[in-house]
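Since the structure comes first, as structure tokens, the remarks are kept for the end.
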Amino acid sequence: MYRDNTLIPTETVRLAALGALADRDMRYAEVAADVRHFTQRIVGPSLDLVGTPTELLIVEGLVDAVDGQGMEDNALLRITDSGWDEFKRLMTSAVRAPMNDMSKLILALKMRFLHLLPQDAREEQLDQMVETIQRELARLTDLRATYEGEPGYFLEWLEQDIEATRKRLEWFEAVRERS
């Protein structure tokens, strides 16, 4: 993790794999395909997200091969107690603002697997997400104020981003209230 308790890219991939397995047992190839599909659909192809091979999760004791060895025989994989601990550690990390592709991926993974956390941890994560989006909105609003009145299309473009961030904040606040 970075010093601000946010995930580095390899930890993000690890979260994707452990979260998929926390949800249900999966075959080795299914885990690899799920991680690749999800990450590429959120941020596009990225060398930063090639990530930790599932085989390493087995070696580290975070995942067990239930029937088979691993990649070579497409074993059925199950998350271990240590894997659950690592999953919870990764899920309770911070999300970095400003929102870039990596932050968006981490946020998407947290929303995908949030239901797997205990209620108090879910509430804490939703509070953190609301705070992150509030900081993002403040940053964008400050940027707009700095360049108010300038010619060109920048302010129109920025206003779209501000409006999308406002709507995202409203949605997260509503989710927080429901949970």
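Per-structure values
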quantity: Amide proton proximity set for Leu117, modelled H, under 5 Å, gap of 5+; calculated: none
quantity: Charge dipole magnitude, Cβ of K and R +1, D and E -1 - region 1-115, Cα centre, debye nearest 20; calculated: 640
quantity: Vicinal HN-Hα couplings computed from phi for region 97-105 (Karplus, 6.51 cos²θ - 1.76 cosθ + 1.60; Hz; Gly/Pro x); calculated: 10, x, 6, 10, 4, 5, 4, 5, 5
quantity: For Ser46, Ser93, Ser179, order by how many other beta-carbon atoms lie within 10 Å, fewest first; calculated: Ser179, Ser46, Ser93
quantity: Selected from Ala20, Ser46, Ala32, residue furthest toward positive end of dipole (region 1-68; charges at beta carbon); calculated: Ser46
quantity: Residues whose placed amide H lies under 5 Å from that of Leu77, excluding near-sequence neighbours; calculated: Met26, Arg27, Tyr28, Val66
quantity: Least to most buried among Asp25, Asp142, Asp127 (fewest other Cβ within 10 Å first); calculated: Asp142, Asp127, Asp25
quantity: Label corresponding to percent of Cα pairs over 22 Å apart when calculated from the structure given, among [x] 41; [y] 44; [z] 51; calculated: [z]
quantity: Neighbour-count order for Val130, Val13, Val59, fewest beta carbons within 10 angstrom listed first; calculated: Val59, Val130, Val13
quantity: Per-residue HN-Hα couplings for region 72-79 [Karplus 6.51, -1.76, 1.60; θ = phi - 60°; Hz; x = Gly/Pro]; calculated: 4, 10, 6, 4, 6, 10, 9, 6
quantity: Over the chain: helical MRE at 222 nm, DSSP H runs n ≥ 4 each giving -39500 (n - 2.57), nearest 500; calculated: -21000 deg cm²/dmol
quantity: Cut-off under 5 Å, modelled amide H: who pairs with Ile8 long-range; calculated: Tyr2
quantity: Cross-link partners of Lys88 among aspartates and glutamates (Cα-Cα below 18 Å; sequence separation of 8 or more within a chain); calculated: Asp4, Glu11, Asp23, Asp25, Glu60, Asp64, Asp120, Glu123, Glu124, Asp127
quantity: Karplus-derived HN-Hα couplings along region 57-68 (A = 6.51, B = -1.76, C = 1.60, θ = phi - 60°), whole Hz, x at Gly and Pro; calculated: 4, 5, 4, 6, x, 7, 9, 10, 7, 6, 9, x
quantity: Positive-end extreme of charge dipole, region 118-179 - chosen from Met129, Leu140, Ile162 (charges on Cβ); calculated: Met129
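Throughout, read-outs are computed from the coordinates displayed, never taken from laboratory work. Since this is a predicted model, take the numbers as computed values, not measurements. Because the Cβ atoms are built from the backbone with ideal geometry, glycine has one as well, and the counts that use them run over all protein chains shown.
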